[in-house]
Amino acid sequence: MSRNYWEEVYQSKQADQVSWYQQQPSQTLAIIESLNLPLDAKLIDVGSGASLLIDYLLEAGYQYLHVLDLSETALHTTRARLCTKHLDGSHIHWLVADVCTVELAPQFFDVWHDRAVFHFMLTEVQQEQYLHNVRQTLKPSGYLILSTFAEDGPTQCSGLMVERYSLAKLSHKLDKDFILLRHEIELHITPWGTEQKFLNTIWQFRN
C-alpha cells in the first residue's frame, strides 16, 4: 500500500469524514473487554489511522499500547487529540510503517487488532507477509481481532479495491494456526449514512 496515498487521505479529510469513522468503537471495546486482559497486556492497533479506539483504551487503563499506521499525519492527529483530552499518551509506541514489512519484536503482543486493513491486501504475497508478522509477534495463545468487509460488503474503500471475506474464506487464510473464538456481522454506518457490512472475528494463536 502507498504511504503517499494515505497521507493525502488524512491531509485532505477531517478524521470524522472518512468512511470508517466511529464515534465510539463499541463492538471492538466489548470484544477486548470479553478477553479479560490485565491492564499491562501489550496491544497493537494496526492501521489505527485517527481512530478513537486508543482514547478509550487509555481511559480504560491499558498501559502498553502500540499504534501503527502508514500515515504520519493520522498518528499526529491522534496524538493531538489525546493532548486536548488530557490523556497521557507518553507511553504509547507510535509506528509509522507498513504492516507487511515492519519488523516487530517476536512473541511480544497479547493482542493484535486490525479493523479494515487486511482487506486491502489483494495479493497472496501481501497477505502472507501480513500473516507472517502476526504469527511472529503474537505471544503463544495471544489474540487476533480481525475485522474485514463481509462477503456482501463494499467492493471498494477510499477509492481502493478490497478483498471481501466470508468466515470460511478467512478461516482458510489463517489455516490451522488460529482457533476461532467468536464472529459477528457488524453493520457500520458511514458519516454520510451508507451501510457497510463488516465481518468481525476473534482468534487465538495456537503456537
Förster radius 30 Å - calculated FRET efficiency between Leu160 and Cys83, Cβ distance, rounded to 0.05: 0.45
Run the reach check for Lys42 against lysines, Cα to Cα strictly under 30 Å, same-chain hits fewer than 8 apart removed. What comes back? Lys85, Lys139, Lys169, Lys173, Lys176, Lys197
Under 5 Å between amide hydrogens, which residues at least 5 positions from Phe109 or on another chain qualify, with H placed 1.01 Å from N in the peptide plane? Leu138, Lys139
Going from the fewest other Cβ atoms within 10 Å to the most, one would list Asp55, Asp45, Asp177, Asp16 as Asp16, Asp177, Asp55, Asp45
For each of Ser34, Ser147, Ser158, count neighbouring Cβ atoms within 10 Å of the residue's Cβ, then give the residues from fewest to most. Ser34, Ser158, Ser147
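Please give the charge dipole size of the chain, origin at the Cα centre, charges +1 on K and R Cβ atoms and -1 on D and E Cβ atoms. Round to the nearest 20 debye.
Details: 16 positive and 25 negative charges, 43 e Å.
Charge dipole, the chain, about its Cα centre: 200 debye, nearest 20.
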Segments 133-141, 102-110 sorted - mean Cβ within 10 Å per residue, highest first: 133-141, 102-110
If the only charges are +1 at each Lys and Arg Cβ and -1 at each Asp and Glu Cβ, what is the size of the charge dipole of the range 126-207 around the Cα centre, to the nearest 20 debye? 340
Sites Ser12 and Ala97, calculated FRET efficiency, Cβ-Cβ separation with R0 25 Å, nearest 0.05: 0.70
Along the charge dipole of the chain, which of Leu82, Leu35, His132 sits closest to the positive end, that is, farthest toward it, with unit charges on the beta carbon of Lys, Arg, Asp and Glu (+1, +1, -1, -1)? Leu35
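Bear in mind that the values in this text are calculations on the coordinates, not laboratory data. All of these numbers come straight from a predicted model, not from anything done at the bench. Note that each Cβ is placed from the backbone with ideal geometry, even for glycine, and that neighbours are counted across all protein chains shown.
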